[in-house]
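K.L.:
I have a structure here, written as structure tokens, and I will follow up with some questions on it.
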Amino acid sequence: MAYFYPDTAHTFNEYLLVPGYSSAECTPDRVSLKTPLVKYKKGEEPTISLNIPMVSAIMQSVSDDKMAVALATEGGMSFIYGSQTIEQEAAMVARVKDYKAGFVESDSNISPDMTLGDVVELKAESGHSTMPVTVDGSAHGKIVGIVTSRDYRLSRMSLDTKVKDFMTPREKLIVASKDTTLSEANDIIWDHRLNALPVVDEDDNLLSMVFRKDYDSHKENPNEMLDQHKRYMVGAGINTRDYEDRVPALLEAGVDVLCIDSSEGFTEWQKRTLKWIRDNYGDSVKVGAGNVVDSEGFRFLADCGADFVKVGIGGGSICITREQKGIGRGQASAVIDVAQARDKYFEETGVYVPVCSDGGIVFDNHMTLALAMGADFLMLGRYFARFDESPTARVNVNGSYMKEYWGEGSARARNWQRYDLGGKKKGLSFEEGVDSYVPYAGSLKENVAQTLTKMKATMCSCGAITIPEFQEKAKITLVSSTSIVEGGSHDVLLKDSVSTSAATYR
Ligand code: MZP
């Protein structure tokens, strides 16, 4: 007879945290959100810890190199999507590893034969007043000068004046060579009182620009996830089919952590993939596995050698697996069960295998709840898809800005490897995800800062200033459906809605 779970499966929305005693030391500025990313032995430190407990989902519409740089800057990590060719994925990883913070590709470039009128137009379009002049007007052409607003006087000059007649020419420019570090570049900027420093190769081709205004912002990122060579850290998704080719290519590109991306991780295919990695690289290559939703699945993957285990089936915002196949489990119940299995495993073996709660986070407070329930970190798709840095188009839908967001199991992504589990290539026979819009929310930096402020405030309300302490002290209660209603504003007329209907009435 089938096994019946004794308890109903619950989602995050059905729980609340009950505040605990907060001492005077318990203040948000003292809260550390550092959390292990990969397994470690009792008494040892994990080789990789995240500075904030957030990673971005292994999805086409979420994690490319741009997202990876933005998130690593804030202390989290992206997992570049694996549903692309090995070469494309490795190239994205390489771009993150090659990214030099503070060195930006110039996006406002002109050629010497363009006119002052062109400069004015470009400035209005891009908002940039510093424009490198290259022979062909491209971002990497041979540099022949630079134009800043100090080079022209609109009231005295004709808009037909050629750029070459008023630019600061190459012989008067201070430039840096390609091996210059950011701190050396900043010294040059300060010593010569520059606003911008072009970086060029040995043939004088423009590589990037370093701007004075970026100097301070770089210093403002104390949480940056950097490897020992001060490069941003990045993860990447792999599948259970082409790992013998994909893994070496990603490692060659400099990837820091891998993760088997699959809708179901409790499979022989994952065991084989993990075994192949351990046989070929020992423990030097870090690889997470998943997804599972119960203790049995966790133990299986931990025994197979996973460096972390990802939890969640069917809870993703774009996921219709539960409708299509009738499988899954309420995300909160899954996290609670797996986190308990992780603690038991730690007691028995002395090995701590971090748990990642993947999917189903709707509100910021769900993230805090997931941590309280035992998750070490969170994988988020919808949350990050809304930001400027996600790879998808921003579109205007009925007067509101939206970003596109589609599931890996949608016909658009066609990531059949994620859903067929393993074996012979079968192709996507039915969809398990949808193609959708999410409300555009602006920059990652501002949104993440806001979320973390709330997270830290909640932790303080529960008397904790570290994630392990929070997990130890958190008191969590299930809530009835009426108390969920009580949790929002109720029995009042919101001013926004009143003025809207008043306006409609008029
Ligand atoms: P969410 O943060 O948008 O709620 O969920 C993101 C997670 O949903 C991903 O990390 C992945 O585990 C899962 N996912 C991605 N695509 C699909 C799908 O098409 C999906 N069904 O379930």
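K.L.:
May I ask you to list the residues in the stretch 433-472 that are at pLDDT below 95 and of a type in the set (A, V, I, L, M, F, W, C)?
P.N.:
Matches in the stretch 433-472: Val434 only.
K.L.:
Of the residues in the stretch 364-406, how many are assigned to a loop (DSSP other than H, G, I, E, B), in contact with a helix residue (DSSP H, G or I) (Cβ under 8 Å, 6 or more places away or on another chain) and either farther than 19 Å from Ser78 by Cβ or among the aliphatic types (A, V, I, L, M) (or both)?
P.N.:
Total meeting the criteria: 3.
K.L.:
Now a separate question. Would you check if there is a residue in the stretch 307-318 being touching a residue at least 60 places away in the same chain (Cβ under 8 Å), within 10 Å of the ligand (Cβ to nearest atom), surrounded by fewer than 24 Cβ atoms within 10 Å (Cβ to Cβ) and not β-branched (Val, Ile, Thr)?
P.N.:
Yes, there is a match, as at least one residue in the stretch 307-318 is touching a residue at least 60 places away in the same chain (Cβ under 8 Å), within 10 Å of the ligand (Cβ to nearest atom), surrounded by fewer than 24 Cβ atoms within 10 Å (Cβ to Cβ) and not β-branched (Val, Ile, Thr).
Condition check ((1) assigned to a loop (DSSP other than H, G, I, E, B); (2) under 25 Å from the mean Cα position of the chain (by Cα); (3) buried (at least 19 other Cβ atoms within 10 Å of the Cβ); (4) not polar (S, T, N, Q)) across all residues:
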{"site": "Ala457", "(1), (2), (3), (4)": "no, yes, no, yes"}
{"site": "Ala464", "(1), (2), (3), (4)": "yes, no, yes, yes"}
{"site": "Pro468", "(1), (2), (3), (4)": "no, yes, no, yes"}
{"site": "Ile476", "(1), (2), (3), (4)": "no, no, no, yes"}
{"site": "Ser483", "(1), (2), (3), (4)": "no, no, no, no"}
{"site": "His490", "(1), (2), (3), (4)": "yes, no, no, yes"}
{"site": "Asp496", "(1), (2), (3), (4)": "no, no, no, yes"}
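K.L.:
Within the stretch 428-455, restricting attention to residues that are part of a helix (DSSP H, G or I) and of a type in the set (Ser, Thr, Tyr), which residue is farthest from the ligand (Cβ to nearest atom)? Give the derivation first.
P.N.:
Keep residues of the stretch 428-455 that are part of a helix (DSSP H, G or I), which gives 444-455.
In the following step, the residues that additionally are of a type in the set (Ser, Thr, Tyr) were identified as 451, 453.
Numbers: Thr451: 13, Thr453: 20 Å.
By that ranking, first place goes to Thr453.
Residues are listed down the side, and each one gets a yes or a no for (1) at pLDDT 95 or above; (2) surrounded by fewer than 21 Cβ atoms within 10 Å (Cβ to Cβ); (3) polar (S, T, N, Q):
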{"residue": "Asp337", "(1), (2), (3)": "yes, no, no"}
{"residue": "Gln340", "(1), (2), (3)": "yes, yes, yes"}
{"residue": "Arg382", "(1), (2), (3)": "yes, no, no"}
{"residue": "Met402", "(1), (2), (3)": "yes, yes, no"}
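K.L.:
Here's a follow-up. Could you go through the stretch 466-479 and let me know if any residue there is more than 20 Å from Leu371 (Cα to Cα) and either touching a residue at least 24 places away in the same chain (Cβ under 8 Å) or of a type in the set (Gly, Ala, Ser) (or both). Please lay out each step first, then the result.
P.N.:
Filtering the stretch 466-479 for residues more than 20 Å from Leu371 (Cα to Cα) gives none.
Checked the stretch 466-479: no residue is more than 20 Å from Leu371 (Cα to Cα) and either touching a residue at least 24 places away in the same chain (Cβ under 8 Å) or of a type in the set (Gly, Ala, Ser) (or both).
K.L.:
So, one more: Have a look at Leu380, Leu369 and point out the one that is within 29 Å of Leu17 (Cβ to Cβ) and either more than 10 Å from the ligand (Cβ to nearest atom) or of a type in the set (Val, Ile, Thr) (or both).
P.N.:
On the way: Leu380 fails: either more than 10 Å from the ligand (Cβ to nearest atom) or of a type in the set (Val, Ile, Thr) (or both).
Step by step, each of Leu380, Leu369 is checked, and only Leu369 is within 29 Å of Leu17 (Cβ to Cβ) and either more than 10 Å from the ligand (Cβ to nearest atom) or of a type in the set (Val, Ile, Thr) (or both).
K.L.:
In the stretch 235-287, what count of residues is obtained for those that are of a type in the set (Val, Ile, Thr), in contact (Cβ under 8 Å) with a residue 60 or more places away in the chain and either within 16 Å of the ligand (Cβ to nearest atom) or surrounded by fewer than 20 Cβ atoms within 10 Å (Cβ to Cβ) (or both)?
P.N.:
Residues meeting the conditions: 4.
K.L.:
Of these, Leu182, Leu197, which one is out of contact with any His (no Cβ under 6 Å at 6 or more places or on another chain) and modelled with pLDDT of 90 or more?
P.N.:
Going through Leu182, Leu197 in turn, the sole match is Leu197.
K.L.:
Still on this structure, I have one more. Condition first: under 25 Å from Tyr352 (Cβ atoms), buried (at least 16 other Cβ atoms within 10 Å of the Cβ) and more than 17 Å from the chain's Cα centre (by Cα). Can you find one or more residues in the stretch 46-62 that meet it?
P.N.:
yes
K.L.:
Could you list, in sequence order, the residues of the stretch 383-416 that are away from the ligand (no atom under 12 Å from the Cβ) and more than 23 Å from Ser443 (Cβ to Cβ)?
P.N.:
Asn398
K.L.:
Could you grab the pairs with beta carbons closer than 6 Å, sequence gap of 6+ or different chains, first residue in the stretch 85-98 and of a type in the set (Ser, Thr, Tyr), second one surrounded by fewer than 17 Cβ atoms within 10 Å (Cβ to Cβ)?
P.N.:
Within 6 Å, no pair qualifies.
K.L.:
Separate question: Would you check if there is a residue in the stretch 340-350 being within 16 Å of the ligand (Cβ to nearest atom) and of a type in the set (Gly, Ala, Ser)?
P.N.:
The answer is no; no qualifying residue exists.
K.L.:
Scan the stretch 74-85 residue by residue and report those that are buried (at least 18 other Cβ atoms within 10 Å of the Cβ) and more than 15 Å from the chain's Cα centre (by Cα). Walk me through it before giving the result.
P.N.:
Kept after step one, since they are buried (at least 18 other Cβ atoms within 10 Å of the Cβ), are these residues of the stretch 74-85: 74-83.
Selection gives Ser83 alone.
K.L.:
Right, another one. Select from the stretch 74-109 the residues that are of a type in the set (A, V, I, L, M, F, W, C) and at pLDDT 95 or above and list them in ascending order.
P.N.:
Of the stretch 74-109, the ones of a type in the set (A, V, I, L, M, F, W, C) are 77, 79-80, 86, 90-94, 96, 101, 103-104.
Hits for the stretch 74-109 are Met77, Phe79, Ile80, Ile86, Ala90, Ala91, Met92, Val93, Ala94, Val96.
K.L.:
Going by the structure shown, is Ile52 within 14 Å of the ligand (Cβ to nearest atom), in a loop (DSSP other than H, G, I, E, B) and closer than 20 Å to Asp307 by Cβ?
P.N.:
So Ile52 fails the test.
K.L.:
Testing Gln324 on (1) surrounded by fewer than 20 Cβ atoms within 10 Å (Cβ to Cβ); (2) within 16 Å of the ligand (Cβ to nearest atom); (3) under 25 Å from the mean Cα position of the chain (by Cα), one condition comes back false. Which one is that?
P.N.:
The one condition Gln324 does not meet is (3).
The values are calculated or read from the model by the stated rules, or taken from the named source; none is laboratory data. Note that the structure is a prediction, hence the values are computed from the model and not measured. A quick note on method: Cβ atoms are made from the backbone with ideal geometry, for glycine too, and the neighbour counts reach across all protein chains shown.
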